[in-house]
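Scroll down for the structure; my scribbles are underneath it.
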Amino acid sequence: MDAIEKIQKLKQKLNAVILAHNYQLPQIQDIADYRGDSLGLSIEAAKTKADVIVFCGVYFMAETAKILSPQKTVLIPDRQAGCPMADMITADQLRTLKKEHPSAKALCYVNSSAEVKAECDVCCTSGNALEVVAGAFREDEEIIFVPDQYLARYTASQIDRNFVFWKGYCPTHARILPQHLRGKRAEHPGALVLVHPECTPHVTALADAVLSTGGMSKYVKQSDCKEFIIGTEEGMVYRLSQDNPDKKFYAISDIAVCPNMKKITLDKVLYSLENIYEEITLPEDIIARAQKSIQKMVSYT
Ligand code: 13P
Ligand code: SF4
């Protein structure tokens, strides 16, 4: 029996479901029961009837699944698959920032730890940041937006609110440069350029559309255009090519790779199911407080 067959058998035995982010390796995307962006994965984690969730993504995503389904067993096949951006702010740093801005409300990107989510009024993803800001805050309110300075700045460029920024960023998206975009556009002049809001403002300013990975999927399906330059982690090109075999996709740069997303392999998924490894555990009070900020986000989406 090969690894895939063993995974399928164990999934049945344990009543497990495999959730995978759009940046996962093709062989992981292929065995997933559901793949999507951070928002879609959170919603799926909250509604699944499975007893065990094997989360193929990075650590904060598995934590989010646990926060939304605390009674379920949530596994991440590699504990080291972290998100460097999520680690760029600690709950202590956020508490200090809140003290410096005592009347401000706090908004965190879902790419943050459970402790940071627990400190915030509401959470958002790159797919719903605008709706959340519009729905959750008054126009005259000051909003601390952590940790991604680029998602925060892009959101600020789209909606008139008073933001306090933090200095976090995604090292993978920061590697995407305007010259990559211009070079690909010169190679494929008929293609539309879609970029993720984690890219720098120099890049988002040149794009045809700025979208979450889920937003890219929808955009491509609805578009009459046949060619797209994809300005995000390269795994997205596999996802889009599979879903839209009649269209062509070009990665904006072959250095836009998230090494943490690529840590999950078939062997690790199998080990995870065989050994119930590594189980996400969180203190009950953190779950309760973080749940509020995530549920508030979902109510505005
Ligand atoms: P999406 O929610 O757009 O999938 O983004 C998650 C992420 O980590 C982007 O780097
Ligand atoms: Fe984190 Fe960037 Fe990797 Fe997304 S692509 S998980 S933001 S490091």
| said: 5 Å is the cut-off here: which amide hydrogens, built 1.01 Å from N in the peptide plane, fall below it relative to Cys124, excluding neighbours closer than 5 in sequence? | reply: Cys108, Tyr109, Val110
| said: If neighbour count is taken as other Cβ atoms inside 10 Å, put Phe60, Phe163, Phe55 in order from fewest to most. | reply: Phe163, Phe60, Phe55
| query | In terms of the Cα gyration tensor, with a ≥ b ≥ c the square roots of its eigenvalues, is the range 180-231 rounded because a/c is under 1.5, prolate because a/b exceeds b/c, or oblate? | reply | oblate
| field | Computed log₁₀ I(q)/I(0) - Debye formula, equal Cα scatterers, no solvent, the range 110-234, q 0.10, 0.14 Å⁻¹ | value | -0.34, -0.64
| remark: PRE zone check, label point 7 Å out along Cα-to-Cβ of Lys6, amide N under 19 Å, scope the range 26-58, hits 27-32, 54-56
| request: Could you tell me which of His173, Leu97, Tyr150 has its Cα farthest along the dipole of the range 89-241 towards the positive end, charges placed at Cβ (Lys, Arg +1; Asp, Glu -1), taken about the Cα centre? | output: His173
| query | On average, how much area does the Cα convex hull of the range 187-263 cover when viewed from any direction, in nm²? | reply | 5.2 nm²
| message | Using the Cα centre of the range 179-301 as origin and beta-carbon charges of +1 (Lys, Arg) and -1 (Asp, Glu), tell me which of Tyr271, Ser253, Tyr219 is placed farthest towards the positive end of the dipole. | response | Tyr219
| remark: Scalar couplings 3J(HN,Hα) for the range 197-214 by Karplus 6.51 cos²θ - 1.76 cosθ + 1.60 (θ = phi - 60°), nearest whole Hz, x for Gly and Pro, are x, 6, 6, 5, x, 5, 8, 4, 5, 9, 7, 7, 8, 10, 9, 5, 5, x
| Pulled fully out, how much extra length does the chain show between Lys49 and Lys99, if you take 0.36 nm times their separation in residues and subtract their Cα-Cα distance? | 13.9 nm
| note | Descending packing, highest mean Cβ count within 10 Å first, for 39-50, 241-252 is 39-50, 241-252
| note | Taking Lys and Arg as +1 and Asp and Glu as -1, residues besides Glu131 with C-beta under 14 Å from its C-beta add up to +2
| request: Select from Thr200, Thr64, Ala20 the residue farthest towards the positive end of the dipole of the chain; place +1 on Cβ of Lys and Arg, -1 on Cβ of Asp and Glu, and compute about the Cα centre. | output: Ala20
| Using the Kirkwood radius built from alpha carbon pairs, what does the Stokes-Einstein equation give as D for the range 1-126 at 25 °C and 0.890 mPa s, in µm² per second? | 158 µm²/s
| task | Can you tell me what the convex hull of the Cα atoms of the chain projects to on average, as an area in nm²? | result | 15.3 nm²
| message | Below 17 Å, Cα to Cα, which aspartates and glutamates can Lys105 reach? Residues fewer than 8 away in the same chain don't count. | response | Asp92, Glu115, Glu119, Asp121, Glu131, Glu139, Asp140, Glu141, Glu142, Asp148, Asp160
| message | Taking the number of other C-beta atoms within 10 Å as the exposure measure, put Ser253, Ser272 in order starting with the fewest. | response | Ser253, Ser272
| query | Here are some pairs, Lys117/Lys262; Lys66/Lys226; Lys184/Lys268; Lys98/Lys184; Lys9/Lys226; which of them have Cα atoms lying more than 32 Å apart in this structure? | reply | Lys66/Lys226; Lys184/Lys268; Lys98/Lys184; Lys9/Lys226
| Likely footprinting exposure, Met85, Met1, fewest C-beta neighbours within 10 Å first | Met1, Met85
| field | FRET efficiency for Lys247 and Gln27, using Cβ-Cβ distance with R0 set to 22 Å, rounded to 0.05 | value | 0.45
| task | Provide Rg over Rh for the range 220-262; use the alpha carbon set for both Rg and the Kirkwood Rh (inverse mean inverse pair distance). | result | 0.99
| message | On a straight-distance basis, which aspartates and glutamates could pair with Lys6 in a cross-link, Cα separation under 17 angstrom, same-chain partners fewer than 8 positions away excluded? | response | Asp30, Asp33, Asp267, Glu274
| message | Taking a ≥ b ≥ c as the square roots of the Cα gyration tensor eigenvalues, with a/c under 1.5 meaning rounded and otherwise prolate when a/b beats b/c, else oblate, which class fits the range 1-66? | response | oblate
| task | Please report how far the C-alpha centroid of the range 141-201 lies from that of the range 262-299, rounded to the nearest whole angstrom. | result | 27 Å
| said: Placing unit charges on C-beta atoms (Lys and Arg positive, Asp and Glu negative, everything else neutral), compute the dipole magnitude of the range 1-141 about its Cα centre in debye, rounded to 20. | reply: 540 debye
| note | What the Cα atoms of the range 58-98 span along the principal axes, largest first and in whole Å, is 34, 22, 10
| request: Could you please tell me the mean projected area of the C-alpha convex hull for the range 172-301, averaged over all directions and given in square nanometres to one decimal? | output: 10.6 nm²
| said: Run lengths n ≥ 4 of DSSP H only: what is the helix-derived mean residue ellipticity at 222 nm for the chain, with -39500 (n - 2.57) per run over all residues, to the nearest 500? | reply: -12500 deg cm²/dmol
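None of the figures in this text is laboratory data; all of them are computed from the coordinates on show. Just so we're clear, the structure is a prediction, and the values are computed from it rather than from any experiment. Neighbour counts are summed over all protein chains in view; Cβ atoms, including those assigned to glycine, are modelled from backbone coordinates with ideal geometry.
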